[in-house]
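Computed from the coordinates by the stated procedures, all read-outs in this text should not be read as laboratory data. In this text the structure is predicted, and so the values were computed from the model without any measurement. As a convention, Cβ positions derive from the backbone with ideal geometry for all residues, glycine included, and neighbour counts pool all protein chains shown.
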Amino acid sequence: MAVPRLSEPPTDGSSYVIPQLEGELISIPGSKSVFRILASAIQTKGALSVFSSGSVLADAPGFHHHNEAHDVFLVTKGFLKLWNGDKCKILGPGDFASVPPGIIHNPYWIGPHTETYGLVSPGEWLDFFRYISEPNNSILLPEFDDRNLLEILIPKIMAARGKYDVIFHPDHKGVDVTPLDESDQKLPDVTEPYYLTANTGPRWILGGVLSRPFITTKQSAGKFAITSIESSSVFKTELPTLTFPNVHHCLCIFEGTLEAVIGDKEPTVVREGETLFISAGTPFSLKFRSKFVRLWSFTTGDGIEAVIHEAGIPFKGFVLPDDEIPYEKTKLEATVAKLGVQL
C-alpha cells in the first residue's frame, strides 16, 4: 500500500499526501480568502505549520508583529504587496519574503487572484488563524463573502488579547513601495527581514538535482529551511534512501511528477499541486518521473536541501542544465554522516 491520500492532515504522526487544493480549509469571514493547512504543529511536533492560501482583492489585515513567530510569504500566482520592516515591495510569482520575529509587517493581496505558500514557526501560531476563521468548502476561495471583516474580526481579537502572539500597531505608517532590486537577489548571512526575487539567490547542484534555497537554517535561526528542488527523468541521478531522525519534510509539487518510496510502502506518485508530508525518522527516496520536476521543500531543520548543498557544488546557471554534473559519492557519504542522516 502506498502513502494514503487524505483531504486533511492526519493526527497519528504518519506520512501522507494532500491532493490539489485540499487540506484543512478555513477562511477569515469577509476576507475573500482561504487557507489550506497542509501541515501544522500536530504533524511537526510544534516546529512549524505550512499552508497555501488564495485571495482576491481584499483589505489588508493591518500592521502587526509577532514576538516569537517567524513568517514567510512565497507567491505562486498574482501579486502581494508586503510591508516588511522598513521596506515595502510588490511580490510576483516566484518571489519570496522572510519576516522574522519582532518585525512589523502587513501583507496585502492585490490580486486579482493571488495564491501563496506560507510557513510559520513555531507551528502553534496557526491556532490564531483557526480562532478567527471558520471552515470553508470553496473550490478556490469565497470571492463574494461581503461581510464586514473588521466588524467580525476586531471583537474576536479584543477577546483574545494576549492569548496569541499577534501584536497590532494601528497607528503605524507604512513606507512607500520600492521596486525589487539587486539587493533582493541574495540571502543574508544572519536572521533579518529580506525579500528574494524569483530565480535568484544561491544555487547548488548534486549530479542532476538542483536546489535554490529561499531560506536556510542560517536565516531562520536554525528553525527551518525552504528550497526549490528541480530535476528531470532524463537524468540518471537518484538520491539514495535517506532517513532524517529529527527533520520533517513537507514537499509541495509545483511542476511535473515525483515518485517517492516512503518506509516500507509501495511507491507513491505525487503530481502538480499535491503535497507529500514525510514524518521525521521515516526512510525515503525520491525519483523524478517527468521531463522537468520542481518541488518546494519545507523542512523543520537541515533536510534534503542541506545534503544537496554540502555534497554538491555551487551552480552558476539559472535553469536546470542539459547534462548531469559528476559528483563525488564519498563526499555525499561524508555529508550524510556530518548531518546525522542515516543512509
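What to note about this one:
- Compared with the alpha-carbon gap, the fully stretched path from LYS45 to THR11 is longer by 11.2 nm at 0.36 nm per residue.
- D (Stokes-Einstein, µm²/s), Kirkwood Cα radius, segment 202-339, 1.002 mPa s at 20 °C: 144 µm²/s
- Low-density loop positions, GluC sites (Glu not before Pro), segment 1-102 - DSSP coil, at most 16 other Cβ in 10 Å: GLU68
- Between VAL234 and LEU343, the distance separating the two model label sites (each 7 Å from Cα on the Cα→Cβ line) works out to 2.9 nm.
- Simple spin-label estimate for SER290 and ALA60 in nanometres, 7 Å along Cα-Cβ: 3.5 nm
- Here the simple spin-label model places points 7 Å from the Cα toward Cβ, and for LYS218 and ALA159 these points are separated by 4.7 nm.
- Only aspartates and glutamates eight or more places from LYS81 in sequence, or on another chain, were considered; those with a Cα closer than 14 Å are ASP59, ASP95, GLU115, ASP176.
- Centre separation in Å (Cα based) which lies between segment 98-119 and segment 186-264: 21 Å
- Acute angle (nearest 10 degrees) that the helix 329-339 long axis makes with the longest principal axis of the chain, alpha-carbon atoms: 40 degrees
- For segment 291-343 versus segment 1-52, the gap between their alpha-carbon centres in whole angstrom: 27 Å
- Straight Cα distances below 18 angstrom link LYS338 to the aspartates and glutamates ASP302, GLU305, GLU310, GLU328, with same-chain residues fewer than 8 positions distant left out.
- Note on ASN246 and ASP322: the extension gain reaches 23.9 nm, defined as 0.36 nm multiplied by sequence separation minus the Cα-Cα distance.
- Net lengthening on full extension, LEU150/ALA334 (0.36 nm per residue, minus Cα-Cα): 60.7 nm
- Here the dipole of the chain is about 240 debye; that uses its Cα centre as origin and unit charges on the Cβ of Lys and Arg (positive) and Asp and Glu (negative).
- Taking segment 202-339 and dividing mean pair separation by its residue count, relative contact order in percent (alpha carbons under 8 Å, at least six apart): 33 percent
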